[in-house]
Every structure is written in C-alpha cells, then in structure tokens.
1. Evaluate 2.2 N^0.38 Å with N set to the residue count of the chain, then give the Cα radius of gyration divided by it.
2. How big is the gap, in Å, between the Cα center of the range 1-20 and the Cα center of the range 43-91?
3. Taking θ as phi - 60°, what are the ³J(HN,Hα) couplings along the range 166-171 by the Karplus curve (6.51, -1.76, 1.60), each to the nearest whole Hz, with x for Gly and Pro?
4. Counting alpha carbon pairs within less than 8 Å and at least 6 residues apart, what relative contact order, in whole percent, applies to the range 88-218?
5. Using θ = phi - 60° and the Karplus form 6.51 cos²θ - 1.76 cosθ + 1.60, what ³J(HN,Hα) does each residue of the range 152-162 get, whole Hz, x for Gly and Pro?
6. Students often forget the sequence filter, so: which aspartates and glutamates lie under 14 Å Cα-Cα from K18 once same-chain residues fewer than 8 apart are removed?
7. Report the Cα-based extents of the range 118-190 along its three principal axes, largest first, to the nearest Å.
8. Do any trypsin sites (Lys or Arg not before Pro) in the range 146-201 lie in a loop, going by DSSP, with at most 16 other beta-carbon atoms within 10 Å of their beta carbon, and if so which?
Amino acid sequence: MATITCKCGVVQIDFHTKNDLFRLECCCHDCSAALWYANKRGGPALPEYQCVDSSWFPNDFKIVKGEDKLGAFMNFENADTTRFYCTDCWSVMFGDHTAYATKIVVTQVGAYKEFKGLRNAELMSPQARHFVKDLPKEQLAALPTWEGDPANVYQGVADNWMARFPAVLEAGKAGMEMNAQILLARIGGAFIPKGETRLSEGPPTLMQQLADQVAGSA
Ligand SMILES: [Zn+2]
Ligand SMILES: [Zn+2]
C-alpha cells in the first residue's frame, strides 16, 4: 500500500492501495502558493518549478502515526481545497476538494525533493500537465520538457482529467474508519492564513474550474 510521510517523520498515512487513480503535473497558482506558504512557516522547500507532481488516491486511509500532529488550512475564505499538513514540520500531506465528493484525495508530497514523502506506490506516468497559463513566462520557458503526448499540455484544466473524473470518483471510496472529512472534524476545521495576498489573489483556481465543469456536465 502507498505510504505518505512528512519530512520530520511524525506523520505516516497509509492508503489501502498502492496504485494512484490519476496523476498529472499541476502548474496552477494555488498548489504552489500553498507549498510556498507552508515553506514560509518552516516547511520543506517547494518544488523548483510551479508544476507539481500530483497523484489521486481513494479517500480511504489509515493514520499509522501522528494523527494529533495533523492540521488543515485553506488558501483563502471559501476556497475549495483543504490541505492537510504536519504541524511539526509543515509538510503538506494531501488535499481534499468539494468536487471530490468524499471519494478521493490528492497528494503532492512526492513532489518534495528533500525527502521521499511518497513510498510503496505504483504510480502511473503523469497523464497531463495543466494550468500552464498560471506560469510566469520565464518559468514556462524553463520547465522540464513534457515527455508525454503534446496534446496533454493544457492551458487550463486538463480535458483528459475531466474525462476520467467520473470513473476516478467511481474507483474512489470514502473510508469508514478514516477519511479526509473525519480527520477534518477531529482537527476542528481548516484555518485560513491572514494577510497572505499570494494565497488569496491568484488567478481563477483549478478547483473552481473543476467544480464548474463537473456541475456543467451533470
Ligand atoms: Zn512532520
Ligand atoms: Zn494545482
């Protein structure tokens, strides 16, 4: 089964499967802004590029250790994404989004370079690189070459992710004993950092567009 751990090692979370349900590289402003904020609070260095390796797993996991060291934050008021982090070392462990319908969570912990946050996983190759429109020009030019089909580089949300989304939700699961919602309730909700304009003043989010597209296709 896939395991995620934080940099300091107090938190370990095991998924009940080793395969991710989807994987892509997310270049959206919000993902990197969240990792930037966590780094500012003492967390690990964010990835070199605003293009974050992201894998989705079922919302069904076991907190092997460190449940009392987990906190949650959102980039801004009414954000769609809640990110769970280690309160000791500020590694961002995984995220939940309203469109995930309690079935899946996303982890980007494998994108950290200074420790191996995602282990024992069998990952598919990244299926898309999306939200490249959020990248500053010089970053776009400096990005590592996309190895996949050029058609799977998207300015906004990835079409192939949206096409797979219903099947991914179908393959997901809300764990009976532990899941993102149970954990959030135990934490007492997500906090919202105050006065961080980098968090709150980004372009329209992946998550908003994702939610709109899901609503539109329903
Ligand atoms: Zn930690
Ligand atoms: Zn993102």
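The values are calculated or read from the model by the stated rules, or taken from the named source; none is laboratory data. Bear in mind that the values here come from a model prediction, so they are computed numbers and not experimental data. All Cβ positions, glycine included, derive from the backbone under ideal geometry; neighbour counts span all protein chains shown. Areas reflect the complete protein model, heavy atoms only, side chains present, ligands, DNA and RNA absent. Shrake-Rupley method; radii C 1.70, N 1.55, O 1.52, S 1.80 Å.
1. On the way: Rg = 16.0 Å, N = 218, 2.2 N^0.38 = 17.0 Å.
Normalised by 2.2 N^0.38 Å, the Cα Rg of the chain equals 0.94.
2. The distance from the Cα centre of the range 1-20 to that of the range 43-91 comes to 12 Å.
3. Values per residue, Gly and Pro as x: x, 5, 5, 4, 4, 7 Hz.
4. Contact order relative to length: 29 percent.
5. Once rounded to whole Hz, the list reads 9, 9, 10, 5, x, 5, 6, 4, 6, 6, 4.
6. Answer for K18, where 14 Å is the Cα cut-off: D60, E122, listed by chain and number.
7. Taking max minus min along each principal axis of the Cα atoms, the range 118-190 gives 44, 27, 25 Å.
8. Details: sites: R164, K173, R186, K194, R198; in loops: K173, K194.
Answer in residue order: K194.
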